[in-house]
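Just below is one structure, and these are the notes that go with it.
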Amino acid sequence: MFPTFQLFSLSFTRHAPRTRNSLSKPGSFSLSVRINHFRMSDFIPRSDAPAVSSSPNVLPLPAPTVAPRHQDLEIKDAHIIFGAVWRDLEAQFGRDQLRFPKEIILLGGAPGSGKGTNTSFILKARGLTCEPIVVSSLLDSPEARRLKDAGHMVGDRQVIGILFARLIHPEYRDGVILDGFPRTQVQVECLKLLVDRMHALRREFYPTALRAHFRQPTVHIMALFVDEKTSVERQLKRGHENRQHNEEVRRTGLGELLEERATDYDLELAKRRYRVFKEQTWDALQSLREIYHYHLVNAQGSLQEVEQNILRELQYQSSLELDPRTHDRLRAIPVANDIIVHARQELVKRLDGYEYEHADLLAQVVVFIERKIMPIILRHAISGVALVNTEDTLLDDPVALAILIDVFSERGFHATVDLHRIEVPDSFDIATGKIACRIKKVFRIQIRFQGSEIRRG
């Protein structure tokens with residue numbers, strides 16, 4: 001049995017500084033690692049091997065084979081890439097200007113899943129006003145175009161560097177949608193490193209006057225999923241429609257030309273693009289689901305169905321979006337959804353309690369509602385809103401006031417009561433000129449209910 005050993009080869013590449021007036025600053029370095037695996041038996045001629053020279057200076061070496069790239073090397077590559085990018089950002093903008101978005105929505109999806117179609121709806125659902133960052137548009141060079149047309153992707157170093165610099169722009173401070181990021185394991189690791197740095201910057205600047213610029217980051221992953229058949233059909237349909245549109249634009253000179261992708265016209269390229277998504281982008285997104293807020297949206301149905309799926313996924317959750325300090329401060333206040341869970345049962349319990357313990361008072365309130373409030377409500381049956389002002393002393397009793405609100409709730413109305421205290425002149429002292437006032441209490445009752453629609457014509 002022969003042992004196995006590894007041969008490491010390292011190479012360094014020095015990159016010139018990217019900022020002006022940086023002659024005194026060293027450039028960045030990149031490191032590449034190559035690992036070759038050998039067995040001792042590879043250096044010993046086999047009995048069935050052809051004869052070789054017997055010269056003592058000749059050693060029969062087999063052609064070395066490069067070992068497959070492992071995930072640990074990918075992670076090391078990510079650290080190298082991120083470190084170089086981060087140093088460039090600090091040199092270009094300054095550490096106190098590295099102000100990234102409060103909310104980052106990573107929008108990924110299979111080709112033809114509707115990322116472009118649904119982006120504006122997602123922006124509206126989250127209250128964002130800035131345009132999304134489409135990663136493919138950031139790298140619209142001829143080299144990148146050739147790679148994308150063949151169904152491949154652009155290098156991670158270029159993606160990370162350009163994207164992180166764009167995220168610092170002021171228009172993205174509240175939040176941003178990233179369309180098409182991350183797509184590789186290296187990009188996934190760089191994203192994790194970025195979020196870690198965002199948390200570190202917040203801790204660093206929280207005690208300072210700049211704390212408002214370094215907010216608690218929130219990362220959402222939204223994956224729009226369709227199966228391969230749907231994806232390919234939508235890609236080819238888009239290509240057909242875009243081609244017809246562009247032919248009409250060229251013929252009439254009216255309108256703007258739409259992008260024509262090679263993958264939208266070739267069945268095999270469309271399938272290949274979907275396979276690339278499944279093998280790289282999909283796996284990259286799945287690896288983040290245990291770390292950040294993950295939303296898997298079924299994009300197979302109609303546009304309205306997909307929008308409803310998106311709304312369900314993006315419902316507000318304070319524990320996920322607020323700073324932990326703020327959330328701890330507010331947690332003593334119950335959430336509305338928790339209050340209404342048993343509201344109907346509690347209402348029944350209170351009304352029965354009034355009958356058992358305050359029967360006479362309950363009867364007086366019912367008569368008051370029947371005689372003094374219901375006639376006004378009936379006159380507002382169309383609008384569904386009735387306002388009643390009363391000085392009836394019956395409502396001076398807080399229990400009577402609670403009974404009135406609960407009775408209306410049981411009958412399907414929504415009642416609110418405001419107490420207004422008004423000073424009314426009561427007497428005047430001629431000798432001193434002093435005016436004595438009395439307090440008049442006015443209960444303003446608002447009753448809301450479903451009004452009646454009138455069909456016209």
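For the stretch 372-390, check the following and say yes or no: at least one residue is under 16 Å from Phe413 (Cα atoms) and of a type in the set (S, T, N, Q).
Looking for residues that are under 16 Å from Phe413 (Cα atoms) and of a type in the set (S, T, N, Q), one finds at least one in the stretch 372-390, hence yes.
Kindly indicate which of Phe449, Phe443 is under 24 Å from Ile373 (Cβ atoms), touching a residue at least 12 places away in the same chain (Cβ under 8 Å), aromatic (Phe, Trp, Tyr) and in contact with a Phe, Trp or Tyr (Cβ under 8 Å, 6 or more places away or on another chain). Give the steps one after another, and end with the answer.
Details: Phe443 fails: in contact with a Phe, Trp or Tyr (Cβ under 8 Å, 6 or more places away or on another chain).
Going through Phe449, Phe443 in turn, the sole match is Phe449.
Mind listing just one residue for me: the one in the stretch 91-126 that is farther than 25 Å from Leu269 by Cβ and of a type in the set (Gly, Ala, Ser) and, of those, surrounded by the fewest Cβ atoms within 10 Å (Cβ to Cβ)? Steps first, answer last, please.
Within the stretch 91-126, the subset farther than 25 Å from Leu269 by Cβ is 91-106, 120-126.
Subsequent filtering for residues that are of a type in the set (Gly, Ala, Ser) retains 91, 94, 120, 125.
Values: Ala91: 15, Gly94: 9, Ser120: 12, Ala125: 16.
Among residues in the stretch 91-126 that are farther than 25 Å from Leu269 by Cβ and of a type in the set (Gly, Ala, Ser), the one surrounded by the fewest Cβ atoms within 10 Å (Cβ to Cβ) is Gly94.
With the checklist (1) out of contact with any Pro (no Cβ under 7 Å at 6 or more places or on another chain); (2) within 21 Å of Ile221 (Cα to Cα); (3) among the β-branched types (Val, Ile, Thr); (4) in a helix (DSSP H, G or I) in hand, flag the one item Val85 doesn't pass.
With (1) out of contact with any Pro (no Cβ under 7 Å at 6 or more places or on another chain); (2) within 21 Å of Ile221 (Cα to Cα); (3) among the β-branched types (Val, Ile, Thr); (4) in a helix (DSSP H, G or I) applied to Val85, the lone miss is (2).
Can you go through Arg273, Arg350 and tell me which one is among the charged types (D, E, K, R), outside any loop (DSSP other than H, G, I, E, B), in contact with a Ser or Thr (Cβ under 6 Å, 6 or more places away or on another chain) and surrounded by 13 or more Cβ atoms within 10 Å (Cβ to Cβ)?
It is Arg273.
Of all residues in the stretch 408-435, which are touching a residue at least 60 places away in the same chain (Cβ under 8 Å) and acidic (Asp, Glu)? First the steps, then the outcome.
Start the filter on the stretch 408-435 by keeping residues that are touching a residue at least 60 places away in the same chain (Cβ under 8 Å), which leaves 409-410.
Passing the criteria: only Glu410.
Against the condition free of Cβ contacts under 8 Å to residues at least 60 places away in the same chain and over 26 Å from Ala400 (Cα atoms), how does Glu346 come out, does it pass?
Numbers: free of Cβ contacts under 8 Å to residues at least 60 places away in the same chain: yes; over 26 Å from Ala400 (Cα atoms): no.
Judged against the criteria, Glu346 is not a match.
Tell me, please, whether a residue that is modelled with pLDDT of 90 or more, assigned to a helix (DSSP H, G or I) and either among the small types (Gly, Ala, Ser) or in contact with a helix residue (DSSP H, G or I) (Cβ under 7 Å, 6 or more places away or on another chain) (or both) can be found in the stretch 411-419. Give the steps one after another, and end with the answer.
In the first step, residues of the stretch 411-419 are kept if they are modelled with pLDDT of 90 or more; the result is 411-419.
Now drop any that are not assigned to a helix (DSSP H, G or I), which leaves none.
Within the stretch 411-419 (the criterion being modelled with pLDDT of 90 or more, assigned to a helix (DSSP H, G or I) and either among the small types (Gly, Ala, Ser) or in contact with a helix residue (DSSP H, G or I) (Cβ under 7 Å, 6 or more places away or on another chain) (or both)), the answer is no, since none of the residues qualifies.
Go through (1) crowded, with 17+ Cβ neighbours inside 10 Å; (2) out of contact with any strand residue (DSSP E or B) (no Cβ under 8 Å at 6 or more places or on another chain) one by one and return the number of the condition Leu288 breaks.
(2)
Only one of (1) part of a helix (DSSP H, G or I); (2) exposed (fewer than 14 other Cβ atoms within 10 Å of the Cβ); (3) free of Cβ contacts under 8 Å to residues at least 60 places away in the same chain is not met by Glu256, so which one is it?
All conditions pass for Glu256, except number (1).
Looking at the stretch 406-439, which of its residues are closer than 30 Å to Ile340 by Cβ and loosely packed, with under 15 Cβ neighbours inside 10 Å? I'd like the intermediate steps shown before the answer.
If we filter the stretch 406-439 for residues that are closer than 30 Å to Ile340 by Cβ, which is where we start, we get 406-420.
Glu410, Arg411, Gly412, His414, Thr416, Asp418, Leu419, His420, listed by residue number.
The values are calculated or read from the model by the stated rules, or taken from the named source; none is laboratory data. On a predicted model such as this, the values are computed, not experimentally measured, just so you know. Every residue, glycine as well, gets a Cβ built from its backbone with ideal geometry; the counts of neighbours run over all protein chains shown.
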